[in-house]
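Student: Just dropping this structure here.
The values are calculated or read from the model by the stated rules, or taken from the named source; none is laboratory data. Keep in mind it's a predicted model, so treat the numbers as computed, not measured. Quick reminder, even Gly has a Cβ in these numbers, built from the backbone with ideal geometry, and neighbours come from all protein chains shown.
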Amino acid sequence: MAGKVAFITGAGNGMGRSHAVRLAEEGADVVVVDLPSAEADLAETGRLVGELGRRAVVAHADVRDPSALRAAVDAGVAELGPLDVVVANAGVCDNPGPAWSIDDAVWHRSLDVNLTGVWNTAKAAVPAMRDGGGSVVIVSSTAGIKSVAGAAHYSASKTAVVGLARTLANELGPQFIRVNVLHPGAVGTRMTLNPETMARLRPDLENPTRDDVVP
């Protein structure tokens with residue numbers, strides 16, 4: 001990865017930060033993107049990358065906002081050069097429950113971030129990729145392989161990005177850009193290590209903690 005440039009969404013914490021730091025460890029400069037509300041978290045990601053001797057362009061954008069993503073790409077390319085790697089990592093998992101009980105706003109937010117957000121990221125970043133090839137990585141979930149009861153909104157969005165990735169792979173292959181999907185399980189991030197998720201995983205306990213969930 002030495003000398004490469006990576007563009008990463010959802011990079012303020014969790015897996016996104018981990019991706020950014022690891023890519024920097026491997027020698028890449030990074031464009032790290034997250035919500036404006038994640039300013040402090042994103043600054044910390046940039047600091048960690050800088051400690052490794054790599055450059056980080058910090059950009060605030062909601063993946064639901066195509067113009068903000070394009071501005072983030074433009075800022076990164078202006079400072080670091082064309083992109084070699086795109087990691088569409090940003091995602092949400094809200095308010096689980098039976099499919100028929102999920103609020104319309106929750107359903108649309110899941111699709112807007114987890115599916116349309118990936119599409120927006122590809123639309124903004126792929127045209128800025130370096131001639132001669134590169135890599136697009138889309139972060140789905142094990143829920144994109146095996147459906148999860150009580151999370152129809154999440155499972156639907158994470159399954160749909162697999163179809164999007166397959167199409168992108170067909171379209172970008174002739175340009176020597178490969179497209180891969182990651183299907184992580186229950187990773188120890190804020191999305192999982194919170195009271196609501198712990199209670200859902202161990203409904204038999206009052207105020208369960210991570211130690212109650214992880215064997």
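Student: Can you report the number of residues in segment 1-16 which are in a helix (DSSP H, G or I), surrounded by fewer than 24 Cβ atoms within 10 Å (Cβ to Cβ) and among the small types (G, A, S)?
Tutor: Looking only at segment 1-16, we keep the residues that are in a helix (DSSP H, G or I), and these are 14-16.
So of that shortlist, the ones also surrounded by fewer than 24 Cβ atoms within 10 Å (Cβ to Cβ) come out as 14-15.
Filter once more, keeping what is among the small types (G, A, S): 14.
Residues flagged as in a helix (DSSP H, G or I), surrounded by fewer than 24 Cβ atoms within 10 Å (Cβ to Cβ) and among the small types (G, A, S) within segment 1-16 amount to 1.
Student: Also, I was wondering about something else. Looking at this structure, is V86 assigned by TED's automatic domain parsing to the domain that holds V162, crowded, with 18+ Cβ neighbours inside 10 Å, under 18 Å from the mean Cα position of the chain (by Cα) and assigned to a strand (DSSP E or B)?
Tutor: On the way: assigned by TED's automatic domain parsing to the domain that holds V162: yes; crowded, with 18+ Cβ neighbours inside 10 Å: yes; under 18 Å from the mean Cα position of the chain (by Cα): yes; assigned to a strand (DSSP E or B): yes.
The answer is yes for V86.
Student: If the requirement is being within 14 Å of the chain's Cα centre (by Cα), outside any helix (DSSP H, G or I) and either closer than 30 Å to A75 by Cα or modelled with pLDDT of 75 or more (or both), which of these qualifies: V181, V161? Walk me through it before giving the result.
Tutor: Details: V161 fails: outside any helix (DSSP H, G or I).
Of V181, V161, the one residue that is within 14 Å of the chain's Cα centre (by Cα), outside any helix (DSSP H, G or I) and either closer than 30 Å to A75 by Cα or modelled with pLDDT of 75 or more (or both) is V181.
Student: Residue by residue through segment 17-56, note down the ones that are buried (at least 24 other Cβ atoms within 10 Å of the Cβ) and of a type in the set (D, E).
Tutor: D34
Student: Something else: Quick check on segment 132-148. Is at least one of its residues part of a helix (DSSP H, G or I), touching a strand residue (DSSP E or B) at 6+ places or on another chain (Cβ under 9 Å) and over 20 Å from A78 (Cα atoms)? If you could, list the steps in order and put the result at the bottom.
Tutor: Taking segment 132-148 and keeping what is part of a helix (DSSP H, G or I), we get 142-144.
If we keep only those that are touching a strand residue (DSSP E or B) at 6+ places or on another chain (Cβ under 9 Å) as well, we get 143-144.
Subsequent filtering for residues that are over 20 Å from A78 (Cα atoms) retains 143-144.
Yes, that holds for at least one residue.
Student: Please specify each residue of segment 123-159 satisfying the condition of being within 15 Å of V179 (Cα to Cα), surrounded by fewer than 20 Cβ atoms within 10 Å (Cβ to Cβ) and among the small types (G, A, S).
Tutor: Scanning segment 123-159 gives G132, G133, S135.
Student: Condition (residue is of a type in the set (K, R) and without any contact (Cβ under 8 Å) to a residue 24 or more places away in the chain) applied to segment 110-133: is it met by at least one residue? Walk me through it before giving the result.
Tutor: Looking only at segment 110-133, we keep the residues that are of a type in the set (K, R), and these are 123, 130.
Filter once more, so that each one left must be without any contact (Cβ under 8 Å) to a residue 24 or more places away in the chain: none.
No, segment 110-133 contains no residue that is of a type in the set (K, R) and without any contact (Cβ under 8 Å) to a residue 24 or more places away in the chain.
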